[in-house]
There are 2 protein chains.
Amino acid sequence: MLHRKDKVNDLKMNKIDKSSFVPPFYQLATILEKRIYSGEFKPGDPLPSETDLGKEYELSRMTVRKCLNLLAERGLIVAQQGRGTFVSRPCLDRATFVLEDFKEELGRRGLEPGYRLVHVRLLKATDEIGVKLQVQHDDRILYYCRLLLGNHEPLAVEHKYMRYVKGKPILENELQYKAFSEVISLNTDILPVRSRMTLCAASAEVEEAQLLNAAVGLPVLKVEQSLYSQDGNIVGIGIFYYHGERYSLVSDIQPLKGEG
Amino acid sequence: MLHRKDKVNDLKMNKIDKSSFVPPFYQLATILEKRIYSGEFKPGDPLPSETDLGKEYELSRMTVRKCLNLLAERGLIVAQQGRGTFVSRPCLDRATFVLEDFKEELGRRGLEPGYRLVHVRLLKATDEIGVKLQVQHDDRILYYCRLLLGNHEPLAVEHKYMRYVKGKPILENELQYKAFSEVISLNTDILPVRSRMTLCAASAEVEEAQLLNAAVGLPVLKVEQSLYSQDGNIVGIGIFYYHGERYSLVSDIQPLKGEG
DNA sequence: CAGTGGTCTAGACCACAAA
DNA sequence: TTGTGGTCTAGACCACTGG
C-alpha cells in the first residue's frame, strides 16, 4: 500500500521511479516536457544546468544528458556550449515529411502494394540525361519506367536512368521490385553513397496522365532524385510523379508518451 | 616527422587519432562507414559487438555506442537487442523533406523574405471549420490570410483559422509575422502541443491563383495543418498553398564528412 | 547458458562563454 | 576564474536472444 502511495507521490511530485519499466532518462524527459508545457519554463528561458538536474532528480549527468538529447532532437530545447540549455520557441510550425519505402508505407495504410514495369529501354547518350550521367559517346543508358500501385490503382509513375554496363545481365524482376540504388549497385558495381531529392508540385503530362489513369493536368507531386557515387559523379537519375489526389505525405509532431 | 607519419598510418590503418580535434566517436563512425561502403560489411551482415569494437579501437563501450547511434540515426545500421548490430539495406531511396521556418529557409537561399497580411475576418461558427474547432454556437472564428514573399514575389498563400476569444486584443503585426502556434497561445491562452500536417499536390483555385499572381490551375503544394491542445482538441487549422514552380523541398542524404 | 545491446554511474578532462 | 555543455572512461546491472 505504502509502496503504491509512494509511486503516486512520485508522479505528482515529478520524481523518478527507478523501479518502473520506463527508463529514468525517459521519465525525466516527460517531466521536463511537462514543466515546459506548463509554462514554468518559457521559450528562451534557460533550463537548470545538467549538474543541477542530476542532483535534483538523483541521476548521473550522463543520464540527464541522454534525456536532454531526446528533447533536443524533438526541437524542444537547444544546448549551447558554455552558456546553458534553453527552451526553444515552439517548433510546431515546422514539419518533417518522410518519403519512405513504398511497400512499407502502403502496408501501414492497409493498402495492397503492387508494381508494374512499363518500359525498359536502352537510350543513346545524347540528350540532357546523358550529359548528367557522364556517359561516354558510344555507351548506352538504361531507362526504365515503373508504376506503383495501391489496391491495383496507380499511385505513382517512376522514371529511372542509369549507365548501362554491357555484359551485365539485368533481370526484369529486379527492376520491378528493387530499390533504385540497389539496382545500380548490382548492375554497375558502383555503390551510390549520396542521394539528393527535390520535391515540388507539377501537372501531369500526357504520358504520366495516361499511366496514372487520370486527365492531363492532374496535380502531381514531382520528385527528382540524383544518386552520386563516392567520387561525386551522378550514377542515377530518377523522376517520380505521385498522384496528387491519392498520395500525400504526413508529418506528426506530438508530446512524448507518458509512463502510463 | 614521425608524428606526422604516424597520423598518416592511423588514417590508412583506420585507427583512432586521439590528438585530433575530431572526437573519437566521430572518427570511428567515418571508419565504420568506410568499411561498410567498401563492401567489407554487406547489408544484413552483423557488425562486431560493441565490446569487440571497443577493444579493437581502444575506446570505451559508451563511446562506441555513441558512434553506432550516429550511424543508426542515418539509417546505415540497425541494432537488435540480444542479437547484434546489422548493416541495413542502403536507404538512399528514402527521403526526408523538412518544411521549416520560412524566414530562415529563404535566408539560406539568398532570397529576401516578406509577409503580407491579406485578410483578417471574424467568421460565424457554422461551417465545416467551426465544427472542427468545436466552437460554441455564438462564438466566433478568427480567420486570416497571409502571403509569403521571396524577393517581393509571392511564394505561398496561408489560410489560418482559430477560436476567437473576446476581449483579447490581437495585433495585425502579430498575425503578419508570428508563427501560427505562437499566435494561438498568445491570444487564447491555449498552448498547442501537437501538430499534424499533410502535404499533397493540388491546383490553384481562383483566389489562390490571384494571390500567387498566376493562372488558375497552377500546380501547388497544398499543406494542411491541425494544431491540438493538450486535451486533444483542435485549436487551429491552417491551409497553405506553395507555388509549384517557385517553391520546392530538398532532401540530402550523404556520407559523414571525413576528418580532413 | 553465454553473448548481445540498453541503461546507468561517478568521476574526469576539455572547449567555450561570461563576468 | 567560474560555470556551462561536449566528450570520454571503466565498470556495473538488466533484458533479450539463441543455442
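The values are calculated or read from the model by the stated rules, or taken from the named source; none is laboratory data. As the structure is a computational prediction, the values presented were derived from the model and not from experiment. All Cβ positions, glycine included, derive from the backbone under ideal geometry; neighbour counts span all protein chains shown.
Per-residue answers, yes or no, for (1) at positive phi; (2) within 13 Å of another protein chain (Cβ to nearest Cβ):
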| position | (1), (2) |
| --- | --- |
| A:ARG163 | no, no |
| A:GLY167 | yes, no |
| A:LEU186 | no, yes |
| A:SER195 | no, yes |
| A:LEU199 | no, yes |
| A:GLU207 | no, no |
| A:GLN210 | no, no |
| A:TYR228 | no, yes |
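Cβ-Cβ under 6 Å, sequence separation 6+ or interchain: first residue in the range A:200-219 and touching a residue at least 12 places away in the same chain (Cβ under 8 Å), partner crowded, with 18+ Cβ neighbours inside 10 Å and β-branched (Val, Ile, Thr). Which pairs?
Note: pairs meeting the criteria are A:ALA201/B:VAL220; A:ALA202/A:VAL220; A:ALA204/A:VAL220; A:GLU208/A:VAL157; A:LEU211/A:VAL157.
Among the residues of the range A:66-87 satisfying the criterion of being within 11 Å of chain B (Cβ to nearest Cβ) and either free of Cβ contacts under 8 Å to residues at least 12 places away in the same chain or more than 17 Å from the chain's Cα centre (by Cα) (or both), which is nearest to DNA strand D (Cβ to nearest atom)? Don't jump to the end; show me each part of the working.
Narrowing the range A:66-87 to residues within 11 Å of chain B (Cβ to nearest Cβ): A:66, A:69, A:73, A:75-76.
The next check asks that each one be either free of Cβ contacts under 8 Å to residues at least 12 places away in the same chain or more than 17 Å from the chain's Cα centre (by Cα) (or both); those that pass are A:66, A:69, A:73, A:76.
On the way: A:LYS66: 10, A:ASN69: 8, A:GLU73: 12, A:LEU76: 14 Å.
Taking the candidates together, the pick is A:ASN69.
Kindly establish whether A:LEU171 is more than 7 Å from chain B (Cβ to nearest Cβ) and more than 28 Å from B:GLY244 (Cα to Cα). Step through it out loud before you land on a result.
Numbers: more than 7 Å from chain B (Cβ to nearest Cβ): yes; more than 28 Å from B:GLY244 (Cα to Cα): yes.
Taking the combined requirement at face value, the residue satisfies it.
Can you pull out the residues in the range B:162-188 that are assigned to a loop (DSSP other than H, G, I, E, B) and of a type in the set (Ser, Thr, Tyr)?
none
For the range B:74-89, give me each residue that is more than 9 Å from DNA strand C (Cβ to nearest atom) and of a type in the set (Gly, Ala, Ser).
B:GLY75, B:SER88, listed by residue number.
Considering (1) surrounded by fewer than 16 Cβ atoms within 10 Å (Cβ to Cβ); (2) under 24 Å from the mean Cα position of the chain (by Cα), say which one A:LYS222 fails and leave the rest.
Unmet for A:LYS222, out of (1) surrounded by fewer than 16 Cβ atoms within 10 Å (Cβ to Cβ); (2) under 24 Å from the mean Cα position of the chain (by Cα): (1).
Out of the residues in the range B:97-142 that are part of a strand (DSSP E or B) and within 14 Å of another protein chain (Cβ to nearest Cβ), which is surrounded by the most Cβ atoms within 10 Å (Cβ to Cβ)?
B:LEU99
Quick one: how many residues across the range A:247-260 are within 10 Å of chain B (Cβ to nearest Cβ), assigned to a loop (DSSP other than H, G, I, E, B) and touching a Ser or Thr at 6+ places or on another chain (Cβ under 6 Å)?
Number of matching residues: 1.
If the requirement is being more than 16 Å from DNA strand C (Cβ to nearest atom) and either within 30 Å of A:ARG94 (Cβ to Cβ) or at pLDDT below 95 (or both), which of these qualifies: B:LYS18, B:LYS42? Break it down stepwise before answering.
Details: B:LYS18 fails: more than 16 Å from DNA strand C (Cβ to nearest atom).
B:LYS42 is the lone residue from the list that is more than 16 Å from DNA strand C (Cβ to nearest atom) and either within 30 Å of A:ARG94 (Cβ to Cβ) or at pLDDT below 95 (or both).
Could we say that B:ALA29 is within 13 Å of DNA strand D (Cβ to nearest atom), away from chain A (no Cβ under 14 Å), of a type in the set (A, V, I, L, M, F, W, C) and surrounded by fewer than 19 Cβ atoms within 10 Å (Cβ to Cβ) here?
no
Looking at (1) in contact (Cβ under 8 Å) with a residue 60 or more places away in the chain; (2) in a loop (DSSP other than H, G, I, E, B), which is the one condition that is false for A:LEU155?
(2)
Determine which single condition A:ALA201 fails, assuming it passes every other condition in (1) small (Gly, Ala, Ser); (2) touching a strand residue (DSSP E or B) at 6+ places or on another chain (Cβ under 7 Å); (3) at pLDDT below 85.
If we test A:ALA201 against (1) small (Gly, Ala, Ser); (2) touching a strand residue (DSSP E or B) at 6+ places or on another chain (Cβ under 7 Å); (3) at pLDDT below 85, just (3) comes out false.
Could you pull out the residue among B:GLY244, B:GLY238, B:GLY232, B:GLY217 that is crowded, with 21+ Cβ neighbours inside 10 Å and within 11 Å of chain A (Cβ to nearest Cβ)?
Sole residue among the options that is crowded, with 21+ Cβ neighbours inside 10 Å and within 11 Å of chain A (Cβ to nearest Cβ): B:GLY244.
Scan the range A:47-63 and report the pairs whose first residue is under 17 Å from A:PRO23 (Cβ atoms) and β-branched (Val, Ile, Thr) and whose second residue is more than 6 Å from DNA strand D (Cβ to nearest atom) and part of a helix (DSSP H, G or I), with Cβ atoms within less than 9 Å and a gap of 6+ or a chain change.
A:THR63/A:PRO24; A:THR63/A:PHE25; A:THR63/A:LEU28; A:THR63/A:GLY54; A:THR63/A:TYR57
Please enumerate the residues belonging to the range B:54-96 that are under 21 Å from B:GLY44 (Cβ atoms), loosely packed, with under 15 Cβ neighbours inside 10 Å and of a type in the set (Lys, Arg).
Residue satisfying the conditions is B:ARG83 alone.
Does the range A:55-68 hold any residues that are within 11 Å of DNA strand C (Cβ to nearest atom) and not charged (D, E, K, R), and which are they?
In the first step, residues of the range A:55-68 are kept if they are within 11 Å of DNA strand C (Cβ to nearest atom); the result is A:55, A:57-67.
Correct list: A:TYR57, A:LEU59, A:SER60, A:MET62, A:THR63, A:VAL64, A:CYS67.
Give the residues of the range A:176-210 that are under 15 Å from A:LEU227 (Cβ atoms) and among the hydrophobic types (A, V, I, L, M, F, W, C), sorted by residue number.
A:ALA179, A:PHE180, A:VAL183, A:ILE184, A:LEU186, A:ILE190, A:LEU191, A:VAL193, A:MET197
Answer yes or no as to whether A:LEU92 is away from DNA strand C (no atom under 11 Å from the Cβ) and part of a loop (DSSP other than H, G, I, E, B). Talk me through it step by step, then tell me what you get.
Working: away from DNA strand C (no atom under 11 Å from the Cβ): yes; part of a loop (DSSP other than H, G, I, E, B): yes.
For A:LEU92, the condition - away from DNA strand C (no atom under 11 Å from the Cβ) and part of a loop (DSSP other than H, G, I, E, B) - is met.
Can you go through B:VAL220, B:VAL235, B:VAL216 and tell me which one is at pLDDT 90 or above, touching a Gly at 6+ places or on another chain (Cβ under 6 Å) and either of a type in the set (Val, Ile, Thr) or not in a strand (DSSP E or B) (or both)?
None of the other options fit; the residue is B:VAL220.
Could you please find all residues in the range A:59-84 being at pLDDT below 95 and not acidic (Asp, Glu)?
A:ARG74, A:GLY75, A:LEU76
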